[in-house]
Every structure is written in C-alpha cells, then in structure tokens.
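Encoded as structure tokens, the structure appears first; notes follow it.
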Amino acid sequence: MEFFLDTADVEEIREIAAWGILDGVTTNPSLIKKSGRDFKTVVAEIAEICDGPISAEVTAMDTAGMLEQGRALKADLPDNVIIKIPCTPEGLAATKVLNSEGIDTNVTLVFSASQALMAAKAGATYVSPFIGRIDDTGADGMTLIAEIMETWSNYDIITTKVLAASIRHPTHVLACMQLGAHTVTMPTKIFRQLMSHPLTDKGLEGFMRDWAAVEAAGNA
Ligand code: E4P
C-alpha cells in the first residue's frame, strides 16, 4: 500500500512528508505549469524531500523523443526519479526500451483495462488509471480499478503496480485500497481530509481543557 502526492508544490510536499507516511510524488505538465517553476529544478527539489519514486513526464509524442527525454531526465535528476509516459503505442515502445535499460516507468492516462494490460506487457513499473476523469464522463472510475485488479490476479508474472490517479475525494482512496490497488496518488487536500475528523478535534479540545484543570490543581 503506497500513498503518493499528486502535486508539484514543494511546500505541500514538505508538509505531508513531515507526517512520515509519504511514499512518492507524481507530477505532470499541468502541475508543473501550476507551480510556475522550472521543470527540472522543481522535480530535483521534490526528489530531495521525498526519497520514494517521483514521476517526471516526457512531452515528446514519438518513441525516439520519449527515449531521449526519459534518458536525459534520468541522467540529470536524482536516482528516485521515474519516467512518466503517455499510454500510446509510441509510449508503449518507449516503456519497453526503458524497462530493458533498467529505468522505471509510470504509464499515464490509462482509461481502460486493456490499456493497463498493454502497459504491463511492455514492462511498466506503474500504470496510472484516472478515476476522477472517468467519473466526470458519467461512468464509474472504480469499475476500472476492479477490472484491472481482477485481470492482474490471473497472472503472477505481472509485477506492474496499479497506481490509482485522478483522485477527487477520500472515499476514492478507501475504495481503491479495498480493491487491492497498490498505490494511490492524491492531491494534498485529500491527504488532509483522510486525517481529519471533527470528533477528533472536539475530543482533543476536551482533553486539553481538562488537563489544564489538572495542572491548575497541581496534580500533573
Ligand atoms: C496522475 O499522475 C495525474 O497527475 C493526476 O492524478 C491527474 O489528476 P486530475 O484528473 O485531477 O488532473
């Protein structure tokens, strides 16, 4: 069970990393744009904060370009950076080659079990099905996670981890874990929501108030 952050905001990554349970970080071109920072600089900084896999995405559309970018990212960035590749035929070919070179990959923009299977066949380290974006179309994203996990269960040989992405609310995370997904990547807001409960806050407030009375009575 791995919990990843889906952001390129280093302050948010520092906040969650301090909780001690952060296993990795995913970025994408849109998240890099939102950060307003230089791509390699921000990914290098993230890789220093979190020692788990940090996904950095290639932007070439052809296999040769993806390979060139993927190899350059591996050469220039810390060892824990892995290469995120779109789920296209060109991306599949790049995944196969990078896998043969010992470079870990995350095949992204997966919207069907057949795409996930093809990525696994190419030797992807992770496949990223996008739950929320499927829900947005009126279909059920969680059905895709169930289909992939069921398919995986037929083949011991598949080592590709299922990285549930495009997470929109805490129940997505619990549902993914109940289906046996290996990894979930989520925005900081969801991390915070997973840990928050009004009764915890209320209970703690009561304990602190009573403890102050114990101290005031000289009984601490
Ligand atoms: C995953 O790696 C993607 O960066 C991400 O989960 C996309 O989520 P979105 O649909 O909220 O943009």
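Under 8 Å for C-alpha pairs, at least 6 residues apart: give me the relative contact order for the chain, rounded to a whole percent. Relative contact order for the chain comes out at 17 percent.
Modelled spin-label separation between residue 199 and residue 114, with each label point placed 7 Å from Cα along the Cα-to-Cβ direction: 4.7 nm. When the alpha carbon gyration tensor of segment 69-179 is reduced to an equivalent ellipsoid, its three semi-axes come out at 25, 15, 13 angstrom, largest first. By definition, a body whose alpha carbon gyration tensor gives a ≥ b ≥ c is prolate when a/c is 1.5 or more and a/b is larger than b/c, and segment 1-120 fits this prolate description. Using a cutoff of 8 angstrom between alpha carbon atoms and counting only pairs six or more residues apart, the relative contact order for segment 1-52 works out to 45 percent. Measure nothing but the geometry: give the 0 to 90° angle between the long axis through the Cα atoms of 141-152 and the longest principal axis through the Cα atoms of the chain, rounded to 10°. For 141-152 against the chain, the angle is about 60 degrees. Based on Cα contacts under 8 Å between residues 6+ apart, segment 16-108 shows a relative contact order of 25 percent. Partner aspartates and glutamates whose Cα lies under 13 Å from the Cα of residue 33, excluding those fewer than 8 positions away in the same chain, are identified as 9, 57. Each of 141, 65, 125 was placed along the dipole of segment 58-151 (beta-carbon charges, centred on the mean Cα), and the one lying farthest toward the positive end is 65.
Might you report the magnitude of the Cβ-based charge dipole of segment 1-134 about its Cα centre, with Lys and Arg at +1 and Asp and Glu at -1, to the nearest 20 debye?
Charge dipole, segment 1-134, about its Cα centre: 480 debye, nearest 20.
Summary of the geometry: segment 60-79 and segment 169-218, compared by the centres of their Cα atoms, lie 39 Å apart. Cross-link partners for residue 74 among the lysines, with Cα-Cα distance under 20 Å and sequence neighbours closer than 8 places in the same chain left out: 40, 84, 96.
Computing FRET efficiency as 1/(1 + (r/R0)^6) for residue 156 and residue 96, where r is the C-beta to C-beta distance and R0 is 25 Å, gives about 0.75.
Considered as an equivalent ellipsoid built on the Cα gyration tensor, segment 1-44 has semi-axes of 19, 11, 8 Å, the largest given first.
Over segment 152-198, the reciprocal of the mean inverse Cα-Cα separation, the Kirkwood hydrodynamic radius, stands at 11.8 Å. Here, P(r) means the percent of Cα pairs in each 5 Å bin from 0 to the largest distance; for the chain it is 1, 7, 14, 17, 18, 15, 10, 5, 3, 3, 3, 2, 1, 1, 0. Taking amide H as placed 1.01 Å from N in the peptide plane, residue 57 has its amide H under 5 Å from the amide H of 84, each at least 5 places away in sequence or on another chain. Of the residues 30, 80, 158, the one whose Cα sits farthest towards the positive end of the charge dipole of the chain is 30 (charges of +1 on Lys and Arg Cβ, -1 on Asp and Glu Cβ, taken about the Cα centre).
Computed from the coordinates by the stated procedures, all read-outs in this text should not be read as laboratory data. What you see is a predicted model; the values in this text were computed from it and never measured. Neighbour counts run over all protein chains shown; Cβ positions are idealised from the backbone, glycine included.
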